[in-house]
Amino acid sequence: GVGFFVHDYTLINPLTGTSSPGNYSRTTDPALMNSTYITGGDHTTGTGNMLVVDGSTLINRFFWTTGNTGGAIGGFTAGSTYTFSYWIKSVSNAVTTTASTRANIGIFFVNAASVNPTTTSNLAPLPADGWQRVSYSFVATANNAMIRLQTLNSGTVGCDFAVDDFSITQGGLPLTGSYTTVNPTCPTSTNGSITVTLSGGEF
């Protein structure tokens with residue numbers, strides 16, 4: 001890669017429209033990499049490069065790591081909160097609502113705590129949903145940190161995707177919340193309740 005490190009996938013260049021499982025490329029259109037993929041542009045401008053991955057037949061394959069050597073990158077302040085995000089879309093018409101056909105992207109942190117959300121995997125969106133942003137906040141525990149993304153499932157059906165617009169910014173995820181209520185049985189009763197669930201934000 002350029003500016004990042006790919007550990008378990010093989011770069012194909014030039015593109016011939018016939019990629020194999022375990023290949024990846026930087027391209028302006030997934031169909032140039034594999035003619036069976038859905039044609040389309042990158043997330044940023046629609047005409048720039050994106051990273052396209054032909055899902056591996058093996059599990060736990062790393063396809064993106066901070067830094068072009070695969071190690072930690074500097075510039076962090078221990079104790080401060082940061083948000084890491086990227087955009088992803090499915091590029092194969094074989095992707096369906098069946099989870100096994102969708103790329104399952106896992107994330108791995110070094111020198112980070114309080115990762116939010118705590119579920120460190122995310123299914124790629126359905127093709128009709130286009131680009132989807134995935135975000136995690138974390139608290140740096142040192143002045144450097146490493147983040148890796150990997151494909152958790154395997155199979156040649158579906159599990160093909162594109163990623164774009166990676167970023168790490170200071171600050172947490174936006175504060176979001178929901179609530180549930182139980183009405184009292186009558187106006188003078190004290191058996192009503194409200195439960196509020198919050199996530200994101202900084203504490």
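The values are calculated or read from the model by the stated rules, or taken from the named source; none is laboratory data. All figures in this text were calculated on a predicted structure; none of them were measured in a lab. Note that we place each Cβ from the backbone using ideal geometry, even for glycine, and neighbour counts take in every protein chain shown. What goes into the accessible areas is simple: the full protein's heavy atoms, side chains included, and nothing from ligands, DNA or RNA. Shrake-Rupley method; radii C 1.70, N 1.55, O 1.52, S 1.80 Å.
So the values come out like this:
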| item | result |
| --- | --- |
| Residues of region 29-50 satisfying the condition of being more than 19 Å from the chain's Cα centre (by Cα) and open to solvent by 60 Å² or more (accessible area, probe 1.4 Å) | 32, 35, 36, 39, 45, 47 |
| Residue selected from region 1-18 under the condition polar (S, T, N, Q) and part of a loop (DSSP other than H, G, I, E, B), by the criterion most open to solvent (accessible area, probe 1.4 Å) | 13 |
| Elements of type strands (runs of 3 or more DSSP E) in region 112-173, at least 2 residues being closer than 23 Å to residue 77 by Cα and open to solvent by 50 Å² or more (accessible area, probe 1.4 Å) | 160-170 |
| Top-ranked residue in region 64-82 [being of a type in the set (S, T, N, Q) and over 19 Å from the mean Cα position of the chain (by Cα); ranked as modelled with the lowest pLDDT] | 69 |
| Top-ranked residue of region 19-50 - restricted to ones that are small (Gly, Ala, Ser) and assigned to a loop (DSSP other than H, G, I, E, B), ranked as farthest from residue 148 (Cα to Cα) | 35 |
| Lone unmet requirement of (1) in contact with a Gly (Cβ under 8 Å, 6 or more places away or on another chain); (2) closer than 19 Å to residue 92 by Cα for residue 18 | (1) |
| Residues of region 51-63 that turn out to be under 19 Å from the mean Cα position of the chain (by Cα) and either over 22 Å from residue 152 (Cβ atoms) or open to solvent by 20 Å² or more (accessible area, probe 1.4 Å) (or both), as a count | 5 |
| Failed criterion for residue 21 (all others in (1) within 19 Å of the chain's Cα centre (by Cα); (2) surrounded by fewer than 20 Cβ atoms within 10 Å (Cβ to Cβ); (3) closer than 18 Å to residue 105 by Cβ hold) | (1) |
| Residue satisfying all of: in region 81-111; open to solvent by less than 30 Å² (accessible area, probe 1.4 Å), outside any strand (DSSP E or B) and without any contact (Cβ under 8 Å) to a residue 60 or more places away in the chain; nearest to residue 59 (Cα to Cα) among these | 103 |
